[in-house]
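The values are calculated or read from the model by the stated rules, or taken from the named source; none is laboratory data. Owing to the predicted nature of the structure, the values given are computational and were not obtained by experimental measurement. Here the Cβ positions follow ideal geometry from the backbone for every residue, glycine too, while neighbour counts run over all protein chains shown.
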Ligand SMILES: [Zn+2]
């Protein structure tokens, strides 16, 4: 199959178009497009039915659109979203414990089962350009493995259109509730890819025991770790030190992620640099959800070869009304919360949202290559044919305008178009 007349990650509106040949789900060749002499308006606004007919053929006319790498939501909570349900006012009290208990009091009253609601969110994420998801699934004394099983089954139903990982996540702590360790243990035997953790010092108030359980389970099952770390200041620094120490001791380089990592936003610059060095040395990756307060030092992390991915956290859930499944809009938020204005900084946000998430899930460090020269996670020959076609002038303008009409390809196959997952929600 050949995708003709597309512009690969363009930085200028007149960057030349290319033809992209796809074979066995990967980019097989990239050649200058024969359509480079087209007028700027040629082919734009083409009748939709004609465009879909073309896409059933072996040659798909890209109509001069941007070709961006597939995006990833690598910090999702598919079991708590309420997208598509009747809007309900926010009722949590603003504390971490209050958020957790508000969710516990209400999650059973959703209009769909966990599995169906997770599928609804997955469809929205794919339609926005997402080709990979790492989701946490809550496990606690209240829900046992019910929510975990719903998310696991929903992800499994989309295995042909999505790369997915599932985290067994002790949202209400491990030490302060009974049975949680054993439930995590069971989840790791029943399909979880990673074991989660949560603020070992400030929420469970027993960091050594909390981390010993998390890393003990990871070692027992040969699985990875993804820890929510909202802890700031010296508390967060202490937890990062403990996580890095255990990661190195157990040889878990590439298998441990710290989510949020607010300690990298709330400590003096010299301390942040020391913590980033610890993270890099241990081969730990990070994820951010582009919060209003708590931006990660993206440039410093990149300089140290730390993989950073983007996620949405919850979407219109019991924690907040924000989040709509649109990863390009979340990329905008990442740029906005970093106060970025220059194109290269905003393009780097799309790199985080796409290649960064893929590296987090693969446990790989960034190799320092431009995205268009990266044959593993970028848009070079050999890379997976996971991408988004979108009508915009440049990468930066696509992020600023977030056009809703996108064609999403997974392994060279069109899986979503016009805001909808083809074949419907499963
Ligand atoms: Zn989270």
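For this structure, a couple of remarks:
- Any hit, the stretch 238-258, residues being farther than 25 Å from residue 206 by Cβ, in contact with a strand residue (DSSP E or B) (Cβ under 8 Å, 6 or more places away or on another chain) and part of a helix (DSSP H, G or I): no
- Yes/no for residue 379 being buried (at least 22 other Cβ atoms within 10 Å of the Cβ) and modelled with pLDDT of 95 or more: yes
- The set of residues from the stretch 388-419 being more than 19 Å from the chain's Cα centre (by Cα) and farther than 30 Å from residue 341 by Cβ comprises 412, 413, 414, 417, 418.
- Identity of the residue in the stretch 121-141, in a helix (DSSP H, G or I) and touching a helix residue (DSSP H, G or I) at 6+ places or on another chain (Cβ under 9 Å), that ends up nearest to residue 330 (Cα to Cα): 125
- Looking only at residues of the stretch 321-332 that are surrounded by 21 or more Cβ atoms within 10 Å (Cβ to Cβ) and within 27 Å of residue 102 (Cβ to Cβ), we find that the one that is farthest from the ligand (Cβ to nearest atom) is 326.
- Residues located in the stretch 259-284, provided they are touching a strand residue (DSSP E or B) at 6+ places or on another chain (Cβ under 9 Å) and part of a loop (DSSP other than H, G, I, E, B): 260, 261, 283, 284
- Residue in the stretch 334-354 that is free of Cβ contacts under 8 Å to residues at least 12 places away in the same chain and touching a helix residue (DSSP H, G or I) at 6+ places or on another chain (Cβ under 8 Å) present: yes
- Residue count for the stretch 160-171, restricted to those that are in contact with a helix residue (DSSP H, G or I) (Cβ under 8 Å, 6 or more places away or on another chain), away from the ligand (no atom under 16 Å from the Cβ) and in a loop (DSSP other than H, G, I, E, B): 2
- Check on residue 359, crowded, with 23+ Cβ neighbours inside 10 Å, at negative phi and within 16 Å of the ligand (Cβ to nearest atom): no
- Members of the stretch 186-201 that are surrounded by fewer than 18 Cβ atoms within 10 Å (Cβ to Cβ) and assigned to a helix (DSSP H, G or I): 186, 189
- Residues in the stretch 129-157 that are in contact with a strand residue (DSSP E or B) (Cβ under 7 Å, 6 or more places away or on another chain) and under 21 Å from residue 415 (Cβ atoms): 129, 130, 131, 132, 133, 134, 135, 151, 152, 155.
- Single condition residue 349 does not satisfy, out of (1) more than 16 Å from the ligand (Cβ to nearest atom); (2) surrounded by fewer than 18 Cβ atoms within 10 Å (Cβ to Cβ): (2)
- Filter pass, residue 239 being away from the ligand (no atom under 16 Å from the Cβ) and assigned by TED's automatic domain parsing to the domain that holds residue 278: no
- Looking only at residues of the stretch 142-159 that are in a loop (DSSP other than H, G, I, E, B) and in contact (Cβ under 8 Å) with a residue 40 or more places away in the chain, we find that the one that is nearest to residue 423 (Cα to Cα) is 158.
- Of everything in the stretch 172-185 that is touching a helix residue (DSSP H, G or I) at 6+ places or on another chain (Cβ under 6 Å) and assigned to a loop (DSSP other than H, G, I, E, B), the residue that is nearest to the ligand (Cβ to nearest atom) is 172.
- Taken as a whole, the stretch 225-234 holds at least one residue that is part of a helix (DSSP H, G or I), surrounded by fewer than 24 Cβ atoms within 10 Å (Cβ to Cβ) and at pLDDT 95 or above.
- Just one of the listed residues (211, 217, 301) is without any contact (Cβ under 8 Å) to a residue 40 or more places away in the chain, outside any loop (DSSP other than H, G, I, E, B), more than 19 Å from residue 180 (Cβ to Cβ) and more than 16 Å from the ligand (Cβ to nearest atom), namely 301.
- Residue check, residue 318 without any contact (Cβ under 8 Å) to a residue 24 or more places away in the chain, within 16 Å of the ligand (Cβ to nearest atom), buried (at least 16 other Cβ atoms within 10 Å of the Cβ) and not in a helix (DSSP H, G or I): no
- If the condition is being surrounded by fewer than 19 Cβ atoms within 10 Å (Cβ to Cβ) and more than 23 Å from the chain's Cα centre (by Cα), then the stretch 202-224 contributes 202, 205, 206, 208, 209, 212, 216, 219, 220, 221.
- If the condition is being assigned to a loop (DSSP other than H, G, I, E, B) and touching a strand residue (DSSP E or B) at 6+ places or on another chain (Cβ under 7 Å), then the stretch 285-298 contributes 289, 290, 296.
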